[in-house]
Amino acid sequence: MSSFTYTILSYGVYVEIFCAIIAFIYGRNSNIKMVRVFVAYLLLVPIIECTAGIITDLGYENNQWLYNILGVAEITAISILIGFNLRKRSLKNLVLLCFGLGILVVIADIIFIGPPFFKTYLNHAFGLHSLLILIIAFVYLFDLIISEDYMTIKRNLLSWVCLALILYHACTIPFTIISNYYNSVFKNEDLIYLIQGLASIIMYALFSIEFLWNRKKLSI
C-alpha cells in the first residue's frame, strides 16, 4: 500500500471518529424513530477500524471478520432506521425484504461461496449489500416525495443521510468493479483502497454536517 493511500485511510478513520462523536451528541435528543440504532452503528465504525488496526499492529493479518461484522451491522442499522420512518406499509415491506435478502446472502456466502466468516471478507455478500442499501435509500426518498411532506426534503435529516449513502455506494460499486479488474491484471490493491477511502471520507463528513445542520431544526 502506498503512503498516500495509507494517509487517506488514516484521515478516513479520523473523520469516522468525529462523525461518531457528533452523532452521539445529536442522537441523545433526537426525535427520529430508531435514530439511536444508526448512532450506535456510527459509534461501532471507528471502534472496528481502531481494533482492526491494533490487530494488524500486533502482527495478526486476520482482521477481516471485524469488517464482516460491520457489514452486517450497516445494513441492519440502515434498514431499521429507514423502515421505521416510512409511511407506506408496502415500502416498509420492501425494506424488510431487502434486509432479509441481505442477511440470507451473508449466510449463503459463508456456507456455499466464500471461506469462513472469521477468515475472509465476504465480497459477494457486501457487494450485494451496496445495491440493497441504494434501493433502501431511494425508497425513503420516494416515500418522502410522494407524501404531503415532500417540501421538507431540504431540512429532513434522513433525506440527507440517504443522499450520502447513495453517493458512497453508487460511486464505490462501479469503481470497485474496475479496481478488481485492475488488481487482477496489475496485482495492486491500492486503487480500490484509495477509492473506498475517499468515498468514505465524503460520506462520513456529510453525515457530520447533516447532524450539525439539523440539530435544532429537525423535521420528519
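The values are calculated or read from the model by the stated rules, or taken from the named source; none is laboratory data. Quick caveat, the model's predicted, so the values are computed rather than measured. Glycine also receives a Cβ, built like all others from the backbone with ideal geometry; neighbour counts cover every protein chain displayed.
Looking at this structure, is LEU70 in contact with a Phe, Trp or Tyr (Cβ under 9 Å, 6 or more places away or on another chain) and in a helix (DSSP H, G or I)?
Answer is yes for this residue.
Considering (1) surrounded by 16 or more Cβ atoms within 10 Å (Cβ to Cβ); (2) under 14 Å from the mean Cα position of the chain (by Cα), say which one ILE69 fails and leave the rest.
(1)
Taking the conditions exactly as written (in contact with a His (Cβ under 7 Å, 6 or more places away or on another chain) and under 19 Å from SER130 (Cβ atoms)), does GLY12 satisfy them or not?
Taking the combined requirement at face value, the residue does not satisfy it.
For PHE99, are the conditions met, namely being touching a Ser or Thr at 6+ places or on another chain (Cβ under 7 Å) and surrounded by fewer than 17 Cβ atoms within 10 Å (Cβ to Cβ)?
no
Got a number for residues in the range 46-66 being surrounded by 12 or more Cβ atoms within 10 Å (Cβ to Cβ) and closer than 17 Å to GLY12 by Cβ?
11
Condition check ((1) assigned to a helix (DSSP H, G or I); (2) at pLDDT 90 or above; (3) in contact with a His (Cβ under 7 Å, 6 or more places away or on another chain)) across all residues:
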| site | (1), (2), (3) |
| --- | --- |
| ILE47 | yes, yes, no |
| GLU61 | no, no, no |
| ILE78 | yes, yes, no |
| LEU86 | no, yes, no |
